[in-house]
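As structure tokens, the structure follows; a few thoughts come after it.
Only the coordinates and a few stated rules stand behind these numbers; no lab work does. Just so it is clear, the model here is predicted, and its values are computed rather than measured. Note: ideal-geometry Cβ built from the backbone for every residue, glycine included; neighbour counts use all protein chains shown.
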Amino acid sequence: MEVEKMMIDLEKKHPGEVEYLQAVREVLDSIEEVYNESPQFESAGIIERLVEPDRILSFKVPWMDDHGKVHVNLGYRIQFNNAIGPYKGGLRFHPSVNLSILKFLGFEQIFKNSLTTLPMGGGKGGSDFDPKGKSNAEIMRFCQAFMLELWKIIGPETDVPAGDIGVGGREIGFMFGMYKKLTREHAGVLTGKGINWGGSLIRPEATGFGAVYFAQEMLKTKGTDFKGKIVAVSGFGNVAWGAITKVNQLGGKAVTISGPDGYVYDPDGISGEKIEYMLELRSSNQDIVKPYTYEFPNAQFVQGKRPWEVKCDIALPCATQNELGKEDAQILIKNGCICVAEGANMPSTPEAIEKFQESKVLFAPGKAVNAGGVATSGLEMSQNSMKLNWNADEVDLRLHQIMRNIHEACVKYGKGPDGYVNYVKGANVAGFLKVANAMLDQGVL
Ligand code: NDP
Ligand code: 2IT
């Protein structure tokens, strides 16, 4: 494989798919060496097969608002690779959703799911529907309309979607209901389900908890931990909420959250009832963080900016892709930040990652750090198959162990001669090898 040649070919085939090409390049750069050491990968065309999804379903989603007006959104499901298990990955509802974004997410998901050690392939889907300001009834009608198309290609042994940005427990409930109605099957076809109808304890917390468990392992390599550390967090959604909860439990102090309107800096720390308030803020459907400062007046709102200018020891980007650029990385480094763990998918730009690595800051990518979410989805699938429920401690213990194992795999494949761990390389190589070997075993498909 020659990375530059592959990228030129892909850019020709998929012009303008910026996020997808960014995600592919990162993986190719990381695996080039191990790939070229094994001639059977090259002759079996493993990488050419991996970078293209198995298939993409694209459909329209017509739905009626509360005033009787009909709207049409676009819906997608990308089934990327099922070498090690059924397609698995979230659904994103956000106005920015397009094929490039879903392809980057689906591609990343292949390696992330492989890292979890559970049998799950990679997939992703979603819609450009904007949940902002919609009523509960509108959300329900949209979810039902979305499932009217999606149900045909998913199933507990085929493809198991879950939540992502704009899709939480409520949306999973509406989609599950429609799937059940259409198929007459109460099946484990989605994860993130309600606890009374097949969901798993700890799934809502899992991505954030897992991210902090992973960061804890990173800090351990430097002989330190979360106690007394100042933590900057971006986003104010599911992942940010879970991460801040766990940071508090481990004795750290989370001082920021952010939204599209700007960020909130709370010098007293976001703890206790303030964490509860995050849920209220999110469910208000208004997509702004400023109201936090009305509720807790000691906090400041900084309009139109990201939280990376706040002095911190640890940064946890938990909002969205490319939300942390080169200048942000430089400020974090200058302010003495020692660890950056990505709760979101691909939040740091390639230039930011380069800066962190040059400065030997502990830096780990989303596909390793946030894998606890999908891992716990995998645990939900196991419980559905066995038709029993584990208690919260049991799920949490398994999640914690999975995160430790992922960290170990990153160190195994990413540790350089000087002892610095390149977690990007480690995660990509470890994730890739398992999938590539499974593809070799199964023939040309
Ligand atoms: P939520 O919808 O709960 O929250 C998403 C947060 O990111 C919100 O604060 C949202 O604000 C903000 N955001 C989304 N898009 C943009 C944008 N284009 N510009 C600025 N801010 C934006 O989603 P999650 O917390 O579930 O997801 C956050 C990240 O974590 C995503 O990258 C997701 O892919 C990733 N992730 C999620 C997992 C899960 O289990 N939920 C698992 C693994 C990764 P707003 O909506 O107002 O734009
Ligand atoms: O990006 C992700 O890993 C998720 N949104 C979770 C996917 C899942 O299937 O739980």
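A few remarks follow.
- Residues in the range 26-46 that a label on ILE8 would reach, taking backbone N under 16 Å of a point 7 Å out along Cα→Cβ: none
- Paramagnetic reach from ASN335 (point 7 Å along Cα→Cβ, amide N under 19 Å) across the range 257-287: 257-271
- Adding -39500 (n - 2.57) for every DSSP H run of four residues or longer, then dividing by how many residues the chain holds, sets the calculated 222 nm ellipticity at -15000 deg cm²/dmol.
- Highest-MSF residue in the chain out of PRO365, PRO307, PRO119 [GNM, Cα springs under 10 Å]: PRO119
- In nm, spacing of pseudo-spin labels at LEU57 and TYR277 (7 Å Cα→C-beta vector): 4.3 nm
- Placing a label point 7 Å from the Cα of LEU445 along the Cα-to-Cβ line, the residues of the range 46-72 whose backbone N sits under 16 Å from it are 46-47, 49-56.
- Calculated P(r) tail over 13 Å for the range 360-430, as whole % of Cα pairs: 67 percent
- Among ASN322, ASN370, ASN82, the largest mean-square fluctuation in a Gaussian network model of the chain, built with springs joining Cα atoms closer than 10 Å, belongs to ASN322.
- For the range 309-317, 3J(HN,Hα) computed residue by residue from phi via the Karplus equation (6.51, -1.76, 1.60; θ = phi - 60°) reads 7, 7, 5, 8, 8, 9, 10, 10, x Hz, glycine and proline entered as x.
- With N counted as the residues of the range 291-332, its alpha-carbon radius of gyration over 2.2 N^0.38 Å works out to 1.32.
- Charge dipole (Cα centre; +1 on Lys/Arg Cβ, -1 on Asp/Glu Cβ; no other charges) of the range 131-239 amounts to roughly 260 debye.
- For CYS337, CYS143, order by how many other beta-carbon atoms lie within 10 Å, fewest first: CYS337, CYS143
- Restricting the calculation to Cα atoms, every distinct pair contributes to the Kirkwood radius of the range 268-341, found to be 13.9 Å.
- Distance histogram in 5 Å bins (all Cα pairs of the range 315-362, percent per bin): 5, 26, 38, 25, 6
- Sequentially through the range 331-343, phi angles give Karplus couplings (6.51, -1.76, 1.60; θ = phi - 60°) of 5, 4, 5, 4, 7, x, 5, 9, 8, 10, 10, 7, x Hz, Gly and Pro residues having no value and appearing as x.
- Neighbour counting of Cβ atoms within 10 Å sorts the residues SER43, SER382, SER258, fewest neighbours leading, into SER43, SER382, SER258.
- Alpha-carbon radius of gyration plus Dmax, which is the widest Cα pair, for the chain in Å: 20.8, 65
- For the range 1-43, the equivalent ellipsoid derived from the alpha-carbon gyration tensor has semi-axes of 21, 11, 7 Å in decreasing order.
- What the Kirkwood sum gives for the range 174-301 is a hydrodynamic radius of 16.2 Å, with every pair of different alpha carbons counted.
- Put simply, the C-alpha atoms of the range 327-392 give a gyration tensor, and the ellipsoid matching it has half-axes of 36, 11, 8 Å, longest first.
- Counted by neighbouring Cβ atoms within 10 Å, the residues HIS400, HIS407 run from fewest to most as HIS400, HIS407.
- Taking each of LYS253/LYS274; LYS69/LYS103; LYS132/LYS290; LYS69/LYS132 in turn, the alpha-carbon distance tops 20 angstrom for LYS69/LYS103.
- Quotient of Cα Rg and 2.2 N^0.38 Å for the range 300-445, N being how many residues it contains: 1.22
- Shown here: the range 20-161, whose C-alpha atoms stretch 62, 30, 23 Å along the first, second and third principal axes, sorted largest to smallest.
- Using alpha carbons only: equivalent-ellipsoid semi-axes of the range 110-170, gyration tensor based, whole Å: 26, 14, 9
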